[in-house]
Amino acid sequence: MELDRVSQARIYDAAQGGKQNFSADREALRLSEEISTDAGNALVAHHQHVHRVVRHLALAGLDQFVLYGTGLPSTGLAHESIHKACPTARVVYAEQDTFMLAHAEAIAGRTSDLVRIVSCDLAAPADLLDDPLVRTFVDWREPVVVGLLAVHEIPADDAGQLARLRAAMAPGSHLWITALSLDGYGPAVREEVLRSHESFGFTIHFRGSGQVEALFDGLDLLEPGLVWAPRWRPDGTEVAIAPERSAWLCGVGRLATG
């Protein structure tokens, strides 16, 4: 049953104090916090990072966003921050959790002609390039922000997905990646985290900093480069957590204009 199945997106929502989660998700969050007391705050730190990035890029004039794995719906939606900075921006959310997709459509998809919500296998994000809705809604000849907020779904040895996406992106586009990394934790905690994710039925590919940095090869990284989520242009509202304990390595790379 859906009520019994743990969902990554709903755990994310539970950490925000949202209402789109079930007891199984809250129990999974509690178990994660037994392994590391920072687990809940790490998800909050990622959520805050998302809003800082989209706000910065929208203010910089970017008006097309394709966002994978945002944890929809949750407390505070990315397109709300985008539209405050750029009211005409087009936003595509790509998710794979069917329950969350239905709620996201009810909350966001029917409220604006500038928002689209599509189903996508987050392990194969480049397949979205063939989606008829996305092909008519996004003009890939113009700069677009591609946010891979679920790069942990992509196997670490699969270079083809990012290559296809980058080939479709026009000069001046931005590739934004948040990657789960356990570099900030010791071996015992890393082993416990991996075991717990397996017990929840999740397939997650954690990456070291070198592996994440390689995803930006050939791109111009925006300042401050590849950093832990709380250190990407902090604004003083960040949740209290040691940056490396957030477990999210983040960066935004720009495709040169030639």
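The values are calculated or read from the model by the stated rules, or taken from the named source; none is laboratory data. If you're wondering where the values come from, they're calculated on a predicted model, not measured in any experiment. We place every Cβ from the backbone using ideal geometry, glycine too, and count neighbours over all the protein chains shown.
Odds and ends about this structure:
- Note on region 6-38: residues that are small (Gly, Ala, Ser), more than 13 Å from the chain's Cα centre (by Cα) and either at pLDDT below 90 or surrounded by 23 or more Cβ atoms within 10 Å (Cβ to Cβ) (or both) amount to 6.
- The listed residue being in contact with a strand residue (DSSP E or B) (Cβ under 6 Å, 6 or more places away or on another chain) and at pLDDT 95 or above, out of 101, 114, 57: 57
- Residues that are touching a helix residue (DSSP H, G or I) at 6+ places or on another chain (Cβ under 9 Å) and of a type in the set (Gly, Ala, Ser) were ranked within region 192-215; the one that is modelled with the highest pLDDT is 196.
- Residue 59 passes every criterion in (1) closer than 30 Å to residue 156 by Cα; (2) touching a residue at least 24 places away in the same chain (Cβ under 8 Å); (3) surrounded by fewer than 18 Cβ atoms within 10 Å (Cβ to Cβ); (4) hydrophobic (A, V, I, L, M, F, W, C) apart from (1).
- Being modelled with pLDDT of 90 or more, at negative phi, crowded, with 21+ Cβ neighbours inside 10 Å and part of a helix (DSSP H, G or I) is true of residue 128.
- Tally, over region 191-242, of residues that are on the phi < 0 side of the Ramachandran plot, of a type outside the set (Ser, Thr, Tyr) and not in a helix (DSSP H, G or I): 26
- Only residues that are buried (at least 20 other Cβ atoms within 10 Å of the Cβ), at pLDDT 90 or above and assigned to a loop (DSSP other than H, G, I, E, B) were counted in region 87-98, giving 1.
- The C-beta contact set for region 148-174 (first residue touching a residue at least 40 places away in the same chain (Cβ under 8 Å) and over 14 Å from residue 214 (Cα atoms), second residue exposed (fewer than 15 other Cβ atoms within 10 Å of the Cβ) and among the small types (Gly, Ala, Ser), distance under 6 angstrom, 6+ apart or interchain) comprises 171/258.
- The residue pairs whose first member lies in region 90-106 and is closer than 19 Å to residue 136 by Cα, whose second member is surrounded by fewer than 24 Cβ atoms within 10 Å (Cβ to Cβ) and of a type in the set (D, E, K, R), and whose beta carbons are closer than 6 Å, counting only pairs six or more residues apart or on different chains, are 92/116.
- Test result for residue 252, on the phi < 0 side of the Ramachandran plot and either at pLDDT below 95 or assigned to a helix (DSSP H, G or I) (or both): no
- Residue count for region 217-258, restricted to those that are small (Gly, Ala, Ser) and buried (at least 19 other Cβ atoms within 10 Å of the Cβ): 5.
- Of all residues in region 160-169, none are out of contact with any His (no Cβ under 9 Å at 6 or more places or on another chain), polar (S, T, N, Q) and modelled with pLDDT under 90.
- Top-ranked residue in region 179-204 [being among the charged types (D, E, K, R) and surrounded by 13 or more Cβ atoms within 10 Å (Cβ to Cβ); ranked as farthest from residue 10 (Cα to Cα)]: 183
- Positions within region 140-157 being at pLDDT 95 or above, part of a loop (DSSP other than H, G, I, E, B) and either acidic (Asp, Glu) or under 12 Å from the mean Cα position of the chain (by Cα) (or both), in sequence order: 142
- Any hit, region 162-171, residues being within 18 Å of residue 92 (Cβ to Cβ) and part of a loop (DSSP other than H, G, I, E, B): yes
- Lone unmet requirement of (1) among the hydroxyl-bearing types (Ser, Thr, Tyr); (2) surrounded by 17 or more Cβ atoms within 10 Å (Cβ to Cβ); (3) under 30 Å from residue 17 (Cβ atoms) for residue 173: (3)
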